[in-house]
1. Rounded, prolate or oblate: pick one for the range 82-186, where a ≥ b ≥ c are the square roots of the eigenvalues of its C-alpha gyration tensor, a/c under 1.5 means rounded, and failing that, prolate if a/b is larger than b/c, else oblate.
2. Calculate what fraction, in whole %, of the accessible area of the range 229-377 sits on carbon and sulfur atoms when a 1.4 Å probe is rolled over the protein chains.
3. Work out the length of the dipole vector of the range 244-364 about its Cα centre, built from +1 on the beta-carbon of each Lys and Arg and -1 on the beta-carbon of each Asp and Glu, and round it to the nearest 20 debye.
4. So what J values fall out for the range 261-273 if you push phi through Karplus, 6.51 cos²θ - 1.76 cosθ + 1.60 with θ = phi - 60°, rounded to Hz, Gly and Pro as x?
5. Nearest 20 debye, what's the magnitude of the dipole of the range 68-221 about its Cα centre given +1 on Lys and Arg Cβ and -1 on Asp and Glu Cβ?
6. Name the long-range amide H neighbours of Val193: under 5 Å, sequence gap of 5 or more, or other chain; modelled H, no Pro or chain starts.
7. What figure in square angstrom, to the nearest 10, would you give for the accessible area of Asp219 with a 1.4 Å probe?
8. Tell me the trypsin sites (Lys or Arg not before Pro) within the range 256-295 that lie in a loop according to DSSP and have at most 15 other beta-carbon atoms within 10 Å.
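The values are calculated or read from the model by the stated rules, or taken from the named source; none is laboratory data. This is a predicted model, so every value here is computed, not measured. Positions of Cβ are backbone-derived with ideal geometry, glycine not excepted, and every protein chain shown enters the neighbour counts. Remember, those area values only see protein heavy atoms, side chains included, never the ligands or the DNA or RNA. Shrake-Rupley method; radii C 1.70, N 1.55, O 1.52, S 1.80 Å.
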Amino acid sequence: MTNPYFNIGTFWESSGSVKGNFLLQYAQRALQFLEGAKSVKFLTEFPVSESTSEEGLTLSFLSGGTSGAAQSVEHSPASIGVAVRGLIERIGNQPVDSICCLPLWHVGGWMQLERAWATEGKVFFCDHRDLREISLRHMFAGRWLSLVPTQLQEIIQSDQGIENLKCTKGIFVGGAGMSDHLVSFIRSLNLNVYPCYGCTETAGMVSLLDSSSFLSGNDGVGTALSHARIRLNSENNQVQMQTGSLCIGRGDEKFPRDYWFESPDIGKFDRYGNLLILGRADRTIITGGEKINPAHVETILYSTGLVDQCLVYGEPDEKWGQRMVACVCPQEIDLKSLKKMVENKLEGYQQPKIWKVMDELPLSEMGKLTMEKKAEI
């Protein structure tokens, strides 16, 4: 690992004061610095790129593309700055030192640079698997860590990984929902996990659940940060967000400042005002006229205790419209016993019709199964 330790404040001071296109120059210098680090992988076909609009200079990020072709999302310095300030107001106005193991072409990785830059913090770059190394433990102490659930689940399979996670200041977990099994295990370990919610279009987080609340048994992804408002579509309960951190546009679509952006996530609010994510509208499986929430089926699979990782999705079927596919890990799983346990917990139409056993799921660098990765199964 070459030059993994990046002091944002020092680096920016040495580059001088630049007006106008300061974000682009900062990005270019950061990318040049990181190109020599083996822990950083650049996807040249999807660079963080420059463009101009009525807002002036913008930065473009690649959206997740979980339900279709990925699109370019444009942010301005203003929208990025609003997102940074909203989080800092919640966690405290102090240097945000972090461990970055998310790709920099994704807003989840890039915003860690922005937070450090704004607060004179420091960023340590590594692969999430490095969090299981005892030799790096001193680098993790007192830092914020951002992970997706699949990364977190992999790290806690290691005793050393668990000890390293306990050294961190806090662990932001977003990008997808955590299974009940994972939540229960995290609480038993007393890890300082902060479930959060946001998307590329909102420059990351718009809601956050404090670790103390999470560990005391509260579910969901918390309440809105100061820069955002969240509501549910009255017809389908899809999450809608109005925020100053909303992107300028996505693909050919442009968003006005007061726009209520609607995500494909379905949610509800608990009695404390915390947002709970119940699933995604674009993941719903319709088979024989019956609607199935794959997240519910995945929860049942995890509850058997036989599954380390799983993913449920629908594929086209001429007779039923869609048939349910369940991918489960590890390879040596007792599939016969798993099917038997599932029969007792799910209705017939909710039971997977196709089972695929594998060593690990072909996930993207953000820990998600994109349309491209699904073709690898």
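1. Taking the square roots of the gyration eigenvalues as a ≥ b ≥ c, the range 82-186 is prolate.
2. Carbon and sulfur together cover 46 percent of it.
3. Magnitude of the dipole: close to 280 debye.
4. 7, 10, 9, x, 7, 9, x, 7, 10, 8, 5, 8, x
5. 280
6. Hits under the 5 Å cutoff: Ile171.
7. Using a 1.4 Å probe on the heavy atoms, I get roughly 80 Å².
8. Of the trypsin sites (Lys or Arg not before Pro), the ones in loops of the range 256-295 whose Cβ has at most 15 other Cβ atoms within 10 Å are Arg257, Arg271.
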